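Colleague: Take a look at this one; I'll ask things after.
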Amino acid sequence: MKNFVKSAILGLAVGALTLPMAASAQTVLRLAENQPDSNPVTVAMYRFADLVKEYSNGDVVVQVFAGAQLGQEPETIEQAQAGIVDFARVNSVVLANVSPSMGVFTLPYIFRNNEHKYAVLDGEIGQQVSADLAKVGLVGFDYMDAGSRSFYTVEGKPITSIEDMAGLKIRVQPAPISTRMVELLGAVPTPMNYGEVYSSLQTGVIDGAENDYVSYQTSGHFEVAPNYVEDAHLSPPAVLIMNKAKFDGLPADQQDAIKRAAKDAAIYEREIMMAANVEAKKTVEAGGATVTVIDNAPFQAAVAPIYEEFPDLLDLIEQIKAVK
């Protein structure tokens, strides 16, 4: 009996020694995503996870926590900085709160069109802004598409011109540029986390919000705010960020696998996001939403002063304007 107990204890001890060695052979990383599974950015994050596993020959596994399981974007950015999560996929509007140069991509009407946008993001300016993330403990990967954001409002408060913006309580992402933009348009900015918007529209806490067609649809906001006006005031990119210390601590081959996967996932995301916005527009219209196309020149004129109000961004603004 003594020999049996001794053998059992020895077996447990050997198991205790060998288990950590087996676990250390694979790097498991957590990724926070606030959008639901149906959103193209989330679909792209699952693709990213698959590609990381493929490119690292199974050595790196990325676990995607979608639907704000780990919090909304302001929280997940903080978690990524602190190393609580390894990755977070976020909008550049919110990211600008911790890395101010990112704010240049969130200025209203900063991009002339999609071609201009990606000439900027994929060029030296995009690299420069992304490099600034290192100052706040983050690594940024290739930019993704987050659609063009427009305003939408509740029943009885449609926007058909800039005059209709007066006094409307509009939800904005919690960021200074978004807040100031809505003020310049004559409305009342109401910073609020994404998860609170549906009920706030439904109960009248706010009169409207702003987002691209995909988020307007997948969030169900079109059900409680059926008036959508295509002013396309913002076209801020989405960004996948990672804790810098975690990234720097990985072997070079694993770093390369992550960078390669992020690039391929970003290209994939841009394609499916653009297609999804076309389909989402059809879906919300079929679901009862009214889409109004307006001349956004008055909107552009009203928000023009914002460029001078962020002097730290003026050099980047001029560089962006010069990109053909």
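The values are calculated or read from the model by the stated rules, or taken from the named source; none is laboratory data. As the structure is a prediction and not an experimental result, all values here were calculated from the model. Counting neighbours? That spans all protein chains shown, and the Cβs are built from the backbone with ideal geometry, glycine included.
Colleague: Looking at (1) assigned to a helix (DSSP H, G or I); (2) in contact (Cβ under 8 Å) with a residue 60 or more places away in the chain, find the lone condition where Q202 falls short.
Modeller: In the conditions (1) assigned to a helix (DSSP H, G or I); (2) in contact (Cβ under 8 Å) with a residue 60 or more places away in the chain, Q202 misses (2) alone.
Colleague: Could you list all residues from region 223-234 that are touching a helix residue (DSSP H, G or I) at 6+ places or on another chain (Cβ under 8 Å) and buried (at least 24 other Cβ atoms within 10 Å of the Cβ)?
Modeller: Correct list: A225, Y228, D231, L234.
Colleague: Could you check, for region 305-313, whether at least one of its residues is among the hydrophobic types (A, V, I, L, M, F, W, C) and either farther than 18 Å from Y143 by Cβ or modelled with pLDDT under 95 (or both)?
Modeller: Within region 305-313, the first condition is being among the hydrophobic types (A, V, I, L, M, F, W, C), and the residues that meet it are 306, 310, 313.
With the extra rule that they be either farther than 18 Å from Y143 by Cβ or modelled with pLDDT under 95 (or both), the set shrinks to 306, 310.
Within region 305-313 (the criterion being among the hydrophobic types (A, V, I, L, M, F, W, C) and either farther than 18 Å from Y143 by Cβ or modelled with pLDDT under 95 (or both)), the answer is yes, since at least one residue qualifies.
One line per residue, one yes/no per condition, for (1) at pLDDT below 95; (2) within 23 Å of T27 (Cβ to Cβ); (3) under 21 Å from the mean Cα position of the chain (by Cα):
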site: P237; (1), (2), (3): no, no, yes
site: P251; (1), (2), (3): no, yes, no
site: Q255; (1), (2), (3): no, yes, no
site: I258; (1), (2), (3): no, yes, yes
site: N296; (1), (2), (3): yes, no, no
site: F299; (1), (2), (3): no, no, no
site: D315; (1), (2), (3): no, no, no
site: E318; (1), (2), (3): no, no, no
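Colleague: Would you point out the residue of region 177-198, among those that are without any contact (Cβ under 8 Å) to a residue 40 or more places away in the chain and of a type in the set (S, T, N, Q), that is surrounded by the fewest Cβ atoms within 10 Å (Cβ to Cβ)?
Modeller: So, considering only residues that are without any contact (Cβ under 8 Å) to a residue 40 or more places away in the chain and of a type in the set (S, T, N, Q), the one surrounded by the fewest Cβ atoms within 10 Å (Cβ to Cβ) is T179.
Colleague: Another one. Within region 243-259, identify whether any single residue is among the β-branched types (V, I, T) and assigned by TED's automatic domain parsing to the domain that holds F105, and answer yes or no.
Modeller: To start, the set of residues in region 243-259 that are among the β-branched types (V, I, T) comprises 258.
Subset that is assigned by TED's automatic domain parsing to the domain that holds F105: 258.
Yes, the conditions are met somewhere in region 243-259.
Yes or no, residue by residue, for (1) touching a residue at least 60 places away in the same chain (Cβ under 8 Å); (2) part of a loop (DSSP other than H, G, I, E, B); (3) within 21 Å of S178 (Cα to Cα):
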{"residue": "Y109", "(1), (2), (3)": "yes, yes, yes"}
{"residue": "A134", "(1), (2), (3)": "yes, no, no"}
{"residue": "D142", "(1), (2), (3)": "yes, yes, no"}
{"residue": "A146", "(1), (2), (3)": "yes, yes, yes"}
{"residue": "S150", "(1), (2), (3)": "yes, no, yes"}
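Colleague: Hey, can you tell me all the residues within region 166-176 that are within 15 Å of F310 (Cα to Cα) and crowded, with 24+ Cβ neighbours inside 10 Å? Before you say what the answer is, go through the steps one by one.
Modeller: Filtering region 166-176 for residues within 15 Å of F310 (Cα to Cα) gives 175-176.
Those that are within 15 Å of F310 (Cα to Cα) and crowded, with 24+ Cβ neighbours inside 10 Å: none in region 166-176.
Colleague: Looking at G204, is it within 21 Å of the chain's Cα centre (by Cα), outside the structural domain of F87 (by TED's automatic domain parsing) and not aromatic (F, W, Y)?
Modeller: Working: within 21 Å of the chain's Cα centre (by Cα): no; outside the structural domain of F87 (by TED's automatic domain parsing): yes; not aromatic (F, W, Y): yes.
It is false that G204 is within 21 Å of the chain's Cα centre (by Cα), outside the structural domain of F87 (by TED's automatic domain parsing) and not aromatic (F, W, Y).
Colleague: If you don't mind, another one. Quickly run through region 152-165 and pick out the residues that are buried (at least 24 other Cβ atoms within 10 Å of the Cβ) and assigned to a loop (DSSP other than H, G, I, E, B).
Modeller: I159
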